[in-house]
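These notes are about the structure you will find just below.
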Number of protein chains: 2
Amino acid sequence: MTALHLKTAEFEKATHSDFFNIAVSVDCVIFGYEDKKLKVLLIKSDLEEFDGLWSLLGDLVRPNEDLEEAPYRVLLDRTGLKDVFLQQVQTFGSINRHPSGRVVTTAYYSLINIINHQPKSLENEVHWHSVKGLENLAFDHKLILDTCLKRLQEQIMEHPIVFNLLGEKFSLRQLQDLYEAILGIDLDRRNFRKRITLKGWLVDLNEMEEDVPHRPGKLYKLRNQLRKEFCLGEKKHLEAVVSN
Amino acid sequence: MTALHLKTAEFEKATHSDFFNIAVSVDCVIFGYEDKKLKVLLIKSDLEEFDGLWSLLGDLVRPNEDLEEAPYRVLLDRTGLKDVFLQQVQTFGSINRHPSGRVVTTAYYSLINIINHQPKSLENEVHWHSVKGLENLAFDHKLILDTCLKRLQEQIMEHPIVFNLLGEKFSLRQLQDLYEAILGIDLDRRNFRKRITLKGWLVDLNEMEEDVPHRPGKLYKLRNQLRKEFCLGEKKHLEAVVSN
């Protein structure tokens with residue numbers, strides 16, 4: 001068995017010069033929750049081709065920048081937001097997705113508490129938008145948004161990743177409101193309570209809601225260990241544990 | 001609110017020429033199962049820099065090719081395999097991961113039945129390797145392999161995606177062997193049976209194994225609907241259903 005057809009990296013580059021003319025970008029889908037609505041952070045596109053359209057927060061990856069650093073830099077530059085965990089979701093690379101040339105983009109998502117993370121620079125045309133009803137976005141950003149939303153919807157059924165959007169104590173009604181906002185559907189009250197209870201995520205606090213305009217509900221919290229892992233970031237929040 | 005700072009796509013490209021010199025590649029992590037072992041399809045690297053090392057099946061994305069087409073083309077070219085569903089897992093983009101220049105790579109995985117999908121061109125140094133104990137691979141392919149394995153391990157606990165690796169009828173012992181090979185750990189027999197049963201994936205056939213060198217076990221099959229969705233490809237096999 002001989003080492004046939006070996007070539008040097010330099011030779012490979014020289015013979016593939018037309019392959020090395022792609023730019024890579026990142027796009028951040030930052031989901032928030034407010035007034036029982038799922039929202040997403042968008043910015044006005046700065047390209048004439050998309051004049052007046054909203055786009056995701058994104059930028060080209062710099063020549064001296066690792067791919068994984070770029071979304072954190074973009075988020076900090078555009079919003080002042082730090083300490084936000086971003087999850088890589090999918091890479092989009094249709095030939096003609098960007099008018100400037102071939103740009104392959106990697107999409108990341110995060111889920112943040114709007115109250116704790118109000119962007120500092122809203123004057124630069126960064127705004128929260130309700131996800132529901134959003135249609136025309138720049139580039140293929142609607143497809144990217146939909147893909148990230150689908151991933152979020154899948155993950156909230158498997159892992160307790162959305163509890164940082166609620167207070168430490170919450171009622172099942174508040175939790176159901178949140179799930180309905182993310183899933184975009186109404187859930188059967190009894191069935192939802194049963195499924196959530198079976199997951200073993202919650203602790204009954206033996207307390208009732210106060211000062212609410214409806215019949216007070218019982219209050220719950222997320223188990224301490226899960227709260228540490230999935231809300232306080234001791235473990236990156238979507239690293240699923242396989243063997244337990 | 002005026003449309004400040006609008007620029008054309010052409011201007012963006014002209015002012016970012018040093019951003020447009022990346023190549024994008026795809027790498028395919030093709031898992032198989034044989035002799036109670038999880039295997040992966042590897043090829044000898046054709047770069048001098050990695051002389052003698054094995055690498056994943058991959059190639060640069062062509063200038064006229066969508067990202068999502070590339071892994072299917074690579075798999076067909078290198079192995080003759082068709083009709084294999086490839087799932088995008090993650091994109092890797094450290095600055096210096098490739099000696100030819102900046103190459104960002106998108107990894108895909110698939111899980112195939114080795115018996116049904118024996119590559120036709122094994123003479124071109126494509127071989128099945130046991131995943132266990134694999135250490136030195138070319139590029140960052142060990143990291144990519146580990147990442148795809150972790151994704152597979154997470155997904156087999158949530159979705160019935162591995163049943164195409166077994167015959168239509170199988171015993172719980174055979175199923176446990178398969179799960180242990182993928183997870184790389186021994187599972188408690190009683191606990192495994194309980195967890196799998198609770199998922200509601202299986203139908204008890206009221207038949208027993210025959211001609212086995214141990215006490216015959218009961219035979220099961222995957223529910224017809226799940227078999228259609230996850231094995232026969234009526235639904236792409238990892239599209240999780242959220243709302244049921």
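Values quoted throughout were computed directly from the atomic coordinates according to the rules given, and no laboratory measurement underlies them. Since the structure is predicted, the reported quantities are computational estimates derived from the model, not experimental observations. Backbone-built Cβ (ideal geometry, glycine too); neighbour counts: all protein chains shown.
Once you put a point 7 Å from the Cα of B:D35 and another 7 Å from the Cα of A:T8, both along the Cβ direction, what distance in nm separates them? Rounded to a tenth, the inter-label distance reads 4.0 nm. Put a dot 7 Å past the Cα of B:L187, heading toward its Cβ, do the same for A:K150, and the two dots end up 2.7 nm apart. Of the two radii for region A:22-157, the radius of gyration is 0.93 times the Kirkwood radius, both from the alpha carbons; that is the Rg over Rh value.
Relative to the present Cα-Cα distance, how much length would full extension add between A:K199 and A:R215 at 0.36 nm per residue of separation? Walk me through the intermediate numbers first.
On the way: separation 16, 0.36 × 16 = 5.76 nm, distance 2.55 nm.
Residue separation times 0.36 nm, minus the Cα-Cα distance, leaves 3.2 nm.
To check you understand DSSP bridge types, tell me what percent of the beta bridges within chain B (both residues inside) are antiparallel, rounded to 5. Antiparallel bridges make up about 70 percent of those DSSP assigns within chain B. For region B:10-48, the set of trypsin sites (Lys or Arg not before Pro) satisfying both a DSSP loop assignment and a count of at most 10 other C-beta atoms within 10 Å is given as B:K36.
When the helices in the protein assembly as shown are scored as -39500 (n - 2.57) per DSSP H run of 4 or longer and the sum is shared across all residues, what 222 nm value do you end up with, to the nearest 500 deg cm²/dmol? Let's see the in-between values first.
On the way: 10 runs with 114 residues, N = 488.
Mean residue ellipticity, 222 nm, calculated: -7000 deg cm²/dmol.
Residue order for A:Y109, A:Y220, B:Y72, fewest other beta carbons within 10 angstrom first, comes to B:Y72, A:Y220, A:Y109.
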